[in-house]
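The values are calculated or read from the model by the stated rules, or taken from the named source; none is laboratory data. Small disclaimer: the values here were computed from a predicted structure and weren't measured. All Cβ positions, even for glycine, are placed from backbone atoms using ideal geometry, and neighbour counts span all protein chains on display.
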Amino acid sequence: MKIASLSLPQLRQRLHSTGVVINCGPFNVRILSNIPAIGLQLHSLYADFPLVAEEQFVDFEVRVESPSHIRRYLRSQAVLHCDDRSPFKPLPLAQAFPMLEWGLNWVISSHAHAHLIVHAAAVERNGRVLLLAADPGSGKSTLCAALVHAGWRLLSDELALIRLCDGMVQPIARPISLKNKSIDIVRSLGESIVIGEVCPNTAKGDIAHMRPPASSVAAIDLFAAPALIVFPKFDASAQFSCVREGEAHALLELTRHTFNYALLAGEGFDAIAQLLECAKVFRIQYASFDQALPEIERLWLDAL
Amino acid sequence: MKPGPLARHFLATLLCEPHLAAQLNVRDWERLVWQARSAELLGQLHRVLKAANVLVIAPEAAQQHLEVAANIASKHVDAVRWELRNIREALGPVDGPVLLLKGAAYCASGAQASIGRMFNDIDILVPKPTLGLVEGNFIRAGWLPSHVNKYDDRYYREWMHELPPMEHKNRSTVLDVHHTIVAPTSGIRPDPSNFFEASLPLSGEWAFFRVLAPEDMVIHSASHLFLDEFHKGLRDLFDLHSLMSEFSVDPMFWEKLIARSEFLGLAVPVCDALRQSVRLFKTKVPSDVLQNFERRHCAALNQRARLWLFDQVLRPHHSSASNALTQFARWIAFARSHWLRMPVPLLAYHLSHKLLRRDD
């Protein structure tokens, strides 16, 4: 049974009572919320996610709530709890859904330590993975959305999980988070793209999420090995360039993008070194998709 | 899980009777992992379940959480050892004993309590006269006094038993430098030279450091827990249980512990620690020893209130382990810790300052 097989009122009712358990990569997470907007967004963006069976182990409970009735009239807020911890300060009620997404990211990035947790998008084709690792604002998620639209399988747009035991990438397939101008850029890619409600003026600007393709969600159990790593950099005024990155520099840059590098210590170093043995690394500076996508295609065919 | 004592102190019971894990269903395992994660006891739970050969019966997902916690904890131990080498280097020329306290001491002396445990900071104890020199050496080695305002700086230096926490500029590791083991303003002022005199040298790589004698180690840990606000109450009590279980191989340990705590004026928190550790973890304290000790130090008057408070605040910080009054009890414990820490005029001054002046 999928989220979409519940009606919107049924989904909201469940979120309010027993919660809804979905799979987020390595973890099953129970989501509870009394906020109607959460139900609406989940219903659309997580439509293809299966409801995790009753007998399965639930790893975390995440609650996004609007605290009190009085507060609701004065200045409505949303609060997120996980394990009775509140990793974030309360946010305006309108930002409840982005808050849930950040909360799910937090759950993964602070607990999935059987993996190297890399701040990177991961997409798959021909059974191998392309990683796009970059600082925020480099166009990583936008590029990821374009690749997924072009037929690549979405593994993750934000957190690439590389299993320590065998170097395989674990799919998460949650919605792709888009910011500011990239929302309209991705929307214009085609009719089949579904984007949730735009949430303006968050700490990261305007935010909206793109629904992952049903085929990516259905393949959530298919792990794949990395073959290519790209450090993309979007700059509207810059000349296009693509250069091969040396292993040492690539290693240093990847340590910077790895959330649990310091925690994993030597094991983390070994995992990145192993990753660089099976994946070539390139640095691409681009001003438009028309430059970046054909170049990635060329590098990909070369890498396989 | 059927109602009863196992349900009431679920995590604590499994930590001392791991064979009961055979009775758990998948919902119980979830609750166990959630509570252990909230209480920072996942790594210790792994140690106990593994030793009892029951880890293998856990659902795969629960095993994964436990294994990861144990792995991270072992890396914490490596990181603590690395910092101890740095501390040794930074303090090289200081003349005087350098004692490791709490987690760092368990770690360097190879105590059971260090296995599976997470470490947030490193605590050391030095004689007050060397404090200035020690602070200077740490600053030169990159540990900078954490950003505290003037009032907080005075709070630490004049009234508390430690310097403001020092944080390393590159590695972000935190050092707490103490000159005695309880806040002098609490009115309990054991002479710190007692601790230095009874302290024991470590061997091998850690010979530069000393640790508190076993009794003093327990007394320190107990005083910290039962005079303070129970922030990680169950974790700290489990540390105490592990320490006492290990030290009591010496048949004289209990008598020495009791005599020493009475000598130092810290019998009440030690008595609380023994009772609670016996209640929650079934620590093997000889019953006549405990009864005698209780009769002398735990006044009958407010026992019910105290027991209620300790029962509440020693639960894991998780909704599945709390009831309607838990939040209230935590508030009481917080107020109590301040009450015990300072005389009334100072407390009034401290609270009014915190209330009226946010920063300076």
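Quick notes on this structure:
- Search result, residues across the range B:57-95 that are in contact (Cβ under 8 Å) with a residue 24 or more places away in the chain and among the acidic types (Asp, Glu): B:GLU83, B:GLU89, B:ASP95
- Taking the criterion of being part of a strand (DSSP E or B), within 14 Å of chain B (Cβ to nearest Cβ) and either surrounded by fewer than 17 Cβ atoms within 10 Å (Cβ to Cβ) or of a type in the set (S, T, N, Q) (or both), the residues of the range A:1-39 that qualify are A:ASN23, A:ASN28.
- Filtered residues of the range A:83-107 (kept if within 14 Å of chain B (Cβ to nearest Cβ) and touching a Ser or Thr at 6+ places or on another chain (Cβ under 9 Å)): A:ASP83, A:ASP84, A:ARG85, A:PRO87
- Restricting A:ILE172, A:ILE183 to those that are assigned to a loop (DSSP other than H, G, I, E, B), in contact (Cβ under 8 Å) with a residue 24 or more places away in the chain, in contact with an Asp or Glu (Cβ under 9 Å, 6 or more places away or on another chain) and hydrophobic (A, V, I, L, M, F, W, C) reduces the list to A:ILE172.
- Residue count for the range A:190-210 satisfying the condition of being exposed (fewer than 14 other Cβ atoms within 10 Å of the Cβ), without any contact (Cβ under 8 Å) to a residue 24 or more places away in the chain and assigned to a loop (DSSP other than H, G, I, E, B): 2.
- Tally of residues being in a helix (DSSP H, G or I), more than 11 Å from chain A (Cβ to nearest Cβ) and within 18 Å of B:VAL26 (Cβ to Cβ) across the range B:49-91: 5
- Of all residues in the range B:104-132, exactly one satisfies the criterion of being on the phi > 0 side of the Ramachandran plot and surrounded by fewer than 22 Cβ atoms within 10 Å (Cβ to Cβ), namely B:GLY110.
So that you can scan it fast, the table gives a plain yes or no per residue for (1) within 14 Å of chain B (Cβ to nearest Cβ); (2) of a type outside the set (D, E, K, R):
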| site | (1), (2) |
| --- | --- |
| A:ALA227 | no, yes |
| A:ASP235 | no, no |
| A:GLU247 | no, no |
| A:ALA262 | yes, yes |
| A:GLN274 | no, yes |
| A:ALA292 | no, yes |
| A:TRP300 | no, yes |
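- Looking only at the range B:6-17, and only at residues there that are touching a residue at least 12 places away in the same chain (Cβ under 8 Å), aliphatic (A, V, I, L, M) and away from chain A (no Cβ under 14 Å), the one that is surrounded by the most Cβ atoms within 10 Å (Cβ to Cβ): B:ALA12
- Within the range B:308-320, the set of residues being more than 14 Å from chain A (Cβ to nearest Cβ) and touching a residue at least 12 places away in the same chain (Cβ under 8 Å) comprises B:TRP308, B:LEU309, B:PHE310, B:GLN312, B:VAL313, B:LEU314.
- When A:LEU131, A:LEU93, A:LEU100 are screened for being hydrophobic (A, V, I, L, M, F, W, C) and surrounded by 24 or more Cβ atoms within 10 Å (Cβ to Cβ), only A:LEU131 passes.
Results for (1) in a helix (DSSP H, G or I); (2) buried (at least 19 other Cβ atoms within 10 Å of the Cβ); (3) among the polar types (S, T, N, Q), shown as yes or no for each residue.
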{"position": "A:VAL230", "(1), (2), (3)": "no, yes, no"}
{"position": "A:SER237", "(1), (2), (3)": "no, no, yes"}
{"position": "A:ALA250", "(1), (2), (3)": "yes, yes, no"}
{"position": "A:THR255", "(1), (2), (3)": "yes, no, yes"}
{"position": "A:LEU263", "(1), (2), (3)": "yes, no, no"}
{"position": "A:GLY268", "(1), (2), (3)": "yes, yes, no"}
{"position": "A:ALA271", "(1), (2), (3)": "yes, yes, no"}
{"position": "A:GLU277", "(1), (2), (3)": "yes, no, no"}
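- The criterion of at least 3 residues that are within 21 Å of the chain's Cα centre (by Cα) and at pLDDT 80 or above is met by the following helices (runs of 4 or more DSSP H) wholly inside the range B:287-360: B:303-313, B:326-341.
- Taking each residue of the range B:18-37 that is within 12 Å of another protein chain (Cβ to nearest Cβ) and looking for partners that are of a type in the set (Val, Ile, Thr) with beta-carbon atoms closer than 8 Å, six or more apart or interchain, yields B:GLU30/A:VAL58.
- Search result, residues across the range A:40-60 that are part of a loop (DSSP other than H, G, I, E, B) and more than 14 Å from every other protein chain (Cβ to nearest Cβ): A:TYR46, A:ALA47, A:ASP48, A:PHE49, A:LEU51
Each row is one residue, and each column tells you yes or no for (1) surrounded by fewer than 22 Cβ atoms within 10 Å (Cβ to Cβ); (2) in contact (Cβ under 8 Å) with a residue 60 or more places away in the chain.
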position: B:GLU246; (1), (2): yes, yes
position: B:VAL268; (1), (2): yes, no
position: B:SER277; (1), (2): no, no
position: B:LEU280; (1), (2): no, yes
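- Hits in the range A:234-251 - residues which are among the hydrophobic types (A, V, I, L, M, F, W, C) and over 16 Å from A:LEU275 (Cα atoms): A:PHE234, A:ALA236, A:ALA238, A:PHE240, A:CYS242, A:VAL243
- Scanning the range B:106-150 for residues that are hydrophobic (A, V, I, L, M, F, W, C) and part of a helix (DSSP H, G or I) returns B:CYS107, B:ALA108, B:ALA113, B:LEU131, B:LEU133, B:VAL134, B:PHE138, B:ILE139.
- Of all residues in the range A:170-192 being under 16 Å from A:GLN41 (Cβ atoms) and hydrophobic (A, V, I, L, M, F, W, C), the one that is nearest to the chain's Cα centre (by Cα): A:ILE176
- Reported count of residues in the range B:92-105, each being in contact with a Phe, Trp or Tyr (Cβ under 6 Å, 6 or more places away or on another chain) and part of a helix (DSSP H, G or I), is 1.
- Within the set B:GLU135, B:GLU60, B:GLU67, the sole residue that is surrounded by 16 or more Cβ atoms within 10 Å (Cβ to Cβ) and closer than 21 Å to B:HIS19 by Cα turns out to be B:GLU67.
- Test result for A:PHE231, out of contact with any Lys or Arg (no Cβ under 6 Å at 6 or more places or on another chain) and among the aromatic types (Phe, Trp, Tyr): no
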